Amino acid sequence: MTDYRGISFWMDSLEEEIVPRPSLPGDVDADVVIVGAGYTGLWTAYYLARHAPSTRVVVVEKEVAGFGASGRNGGWCSALFAASDARLTREFGREAMHAMRRAMNDTVDEVGRVAAAEGIDCHFRKSGTVSVARSAAQEAALRAEVDEARMLGIGEDDLRWVEASEASVLMRATSVRGGTFTPHCAAIHPARLARGLAAVVERQGAQIFEKSEVLEISTGVRPSVFTRHGRVTAGTVVIATEGYTARLAGHGRDMVPLYSMMIATEPLAGEQVKALGDALAAGATFNDGRHMLIYGQVTPDGRLAFGGRGAPYHYNSEIRPEFDRNDAVHSRLPVALSELFPDVFASVGEVRVTHRWGGPIGLHRDWFPSVALDRAAGVAAAGGYVGDGVATTNLAGRTLADLVLGRTTDLTSLPWVGHESPRWEAEPLRFLGINGGLRLMSLADRLEERSGKPSRVASVIGRFTGH
Ligand SMILES: Cc1cc2nc3c(=O)[nH]c(=O)nc-3n(C[C@H](O)[C@H](O)[C@H](O)COP(=O)(O)OP(=O)(O)OC[C@H]3O[C@@H](n4cnc5c(N)ncnc54)[C@H](O)[C@@H]3O)c2cc1C
């Protein structure tokens, strides 16, 4: 029996018991079958029911709702979109970039609106994101981000530079030289959102079958998904497996799973929470300008939920429970916290970690998320959010519902709709390339720390990630 509480601090802190719903009982007929009960699948089901309540929706999940990244993430419900605004402008023009930016900003509020309307108590707190610059190189990079935003017509209200004096009040880290602030982010409890959404979708009439792994998908006029327990035949199949997609037959090179790792600390005392900075105490999410991403939030009960990248990519896009722990990253995270906040943690030993976990995020070869429907094949899909999926999945779900129902809306003309990414290289090139890229990111951070200047290595990474 899988220990679902052990998946993450979030799953462990749910009040409900996590008991799998029944498996697929045999062959079933539906209008839409959704593979995967994470946010993408569940939001799609939600908006299908909102727009066309008579649609027969079946969700088929390998484990339980929220088992994947949706039950494990950092809880940044943010307007970040994996492809930068500069890139969107380059590839699709300024108008399309602004349309995407507006859609993402609105999506943060939409998640809060639906959670409130449907009684999903996911601790939604929209307090923005603070990013601090703690070296000359980080300052140059964050200032360049703000300058670029201004050049593209993105205003101060969306992203602003914060001088050192203000930044170190918002986030009381060491060596703060300034930073950025955006209001477009809410901190949430990820598992409460995923599990709450599953219950809402069921109330709307969708059927969710758990412990029902999809082994094969057939395409055509009446596509089907096959499990050991039976098959679901429908008008459309929606693939909502994101970081797990490479494990589906025929999809091995669509997306790679890259692991992100997290820790949660014991609840801090009220005074300690205040000492993290005014914005953090009020629920703002935070990070700094390093290349090897870190991300955090303070939970309503005063824990630091803190994560970082840097775990290696596993050969052949393998996904295994043991990969959810990575000693190197899990031991670096408390060190990073004690370096950021020495007033709160006098030594790394004072960072009392109660939970360590990780999970896969999905990356397309060009680091560009997409949402698409292939009407001839009867298959729709969304993903490749590169770790910025908490809000983006809601936009994906709304867009997938529109596409499946044949509705032409503002959402269906956004630039990521129908975007086709190239396939990943075959192994061993994929393994060597991705892990080489990860090493370069660590190297760029080390070089910049030493020299204080932006590293040339960073521009090589930029080329790799398409930014
Ligand atoms: C540690 C971590 C931290 C993150 N932090 C953030 C953050 O702070 N902010 C942010 O925006 N994003 C973050 N992300 C990314 C974000 O969580 C994801 O982008 C988002 O949850 C993706 O949702 P999804 O529904 O597409 O995929 P998932 O939630 O991964 O759901 C996919 C589901 O498909 C199921 N499945 C897989 N294979 C099959 C099969 N063959 N048959 C049936 N079911 C199957 C899985 O069990 C899973 O439940 C983080 C991710 C991780 C792992």
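The values are calculated or read from the model by the stated rules, or taken from the named source; none is laboratory data. Worth saying up front: this structure is predicted, and the values here are computed from it rather than measured. Cβ sites come from the backbone with ideal geometry, for glycine too, and all protein chains shown count toward neighbours. For the accessible areas, the whole protein counts, side chains as well, though only heavy atoms, and no ligand, DNA or RNA atoms are used. Shrake-Rupley method; radii C 1.70, N 1.55, O 1.52, S 1.80 Å.
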Report whether or not Asp388 is in a loop (DSSP other than H, G, I, E, B), within 16 Å of the ligand (Cβ to nearest atom) and surrounded by fewer than 24 Cβ atoms within 10 Å (Cβ to Cβ). yes
Within segment 247-276, the residues that are small (Gly, Ala, Ser) and buried (at least 21 other Cβ atoms within 10 Å of the Cβ) are Ser260, Ala264
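Each row is one residue, and each column tells you yes or no for (1) within 20 Å of the chain's Cα centre (by Cα); (2) within 11 Å of the ligand (Cβ to nearest atom); (3) outside any helix (DSSP H, G or I).
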site: Ala167; (1), (2), (3): no, no, no
site: Val176; (1), (2), (3): no, no, yes
site: Leu193; (1), (2), (3): yes, yes, no
site: Val200; (1), (2), (3): no, no, no
site: Glu213; (1), (2), (3): no, yes, yes
site: Arg222; (1), (2), (3): no, no, yes
site: Ala249; (1), (2), (3): no, yes, yes
site: Pro257; (1), (2), (3): yes, yes, yes
site: Met262; (1), (2), (3): yes, yes, yes
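Residues checked against (1) within 16 Å of the ligand (Cβ to nearest atom); (2) of a type in the set (D, E, K, R); (3) modelled with pLDDT of 95 or more; (4) assigned by TED's automatic domain parsing to the domain that holds Gly378:
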residue	(1), (2), (3), (4)
Glu15	no, yes, yes, yes
Arg21	yes, yes, yes, yes
Val28	yes, no, yes, yes
Gly41	yes, no, yes, yes
Ala49	no, no, yes, yes
Val59	yes, no, yes, yes
Ser84	yes, no, yes, yes
Would you be able to tell me the number of residues in segment 47-86 that are part of a helix (DSSP H, G or I) and either open to solvent by 10 Å² or more (accessible area, probe 1.4 Å) or within 21 Å of Gly243 (Cα to Cα) (or both)? 8
Cβ pairs under 7 Å, 6+ apart or interchain, first in segment 271-295 and farther than 30 Å from Gly436 by Cα and touching a residue at least 12 places away in the same chain (Cβ under 8 Å), second assigned to a loop (DSSP other than H, G, I, E, B) and among the polar types (S, T, N, Q), ordered by first then second residue, are Ala279/Ser127; Ala282/Ser127; Gly283/Ser127; Ala284/Ser127
Single condition Glu139 does not satisfy, out of (1) under 30 Å from Ala30 (Cα atoms); (2) touching a strand residue (DSSP E or B) at 6+ places or on another chain (Cβ under 9 Å); (3) more than 16 Å from the ligand (Cβ to nearest atom): (1)
Which of the residues that make up segment 337-354 are surrounded by fewer than 20 Cβ atoms within 10 Å (Cβ to Cβ) and assigned to a helix (DSSP H, G or I)? Ser338, Glu339, Val348, Gly349, Glu350
In this structure, does Arg290 turn out to be crowded, with 18+ Cβ neighbours inside 10 Å, over 13 Å from Gly75 (Cα atoms) and either over 16 Å from the mean Cα position of the chain (by Cα) or not hydroxyl-bearing (Ser, Thr, Tyr) (or both)? yes
Considering only segment 202-223, how many residues are open to solvent by 60 Å² or more (accessible area, probe 1.4 Å) and on the phi > 0 side of the Ramachandran plot? 1
Count of segment 310-328 residues which are within 17 Å of Asp3 (Cβ to Cβ) and part of a helix (DSSP H, G or I): 4
Using the structure shown, decide if Met104 is under 19 Å from the mean Cα position of the chain (by Cα), away from the ligand (no atom under 14 Å from the Cβ), at pLDDT 95 or above and within 18 Å of Ser370 (Cα to Cα). no
Taking segment 112-170 and keeping residues over 26 Å from Ala275 (Cα atoms), open to solvent by 60 Å² or more (accessible area, probe 1.4 Å) and not basic (Lys, Arg) leaves Ala116, Ala117, Gly119, Asp121, Glu145, Asp147, Glu148, Met151, Glu156, Asp157
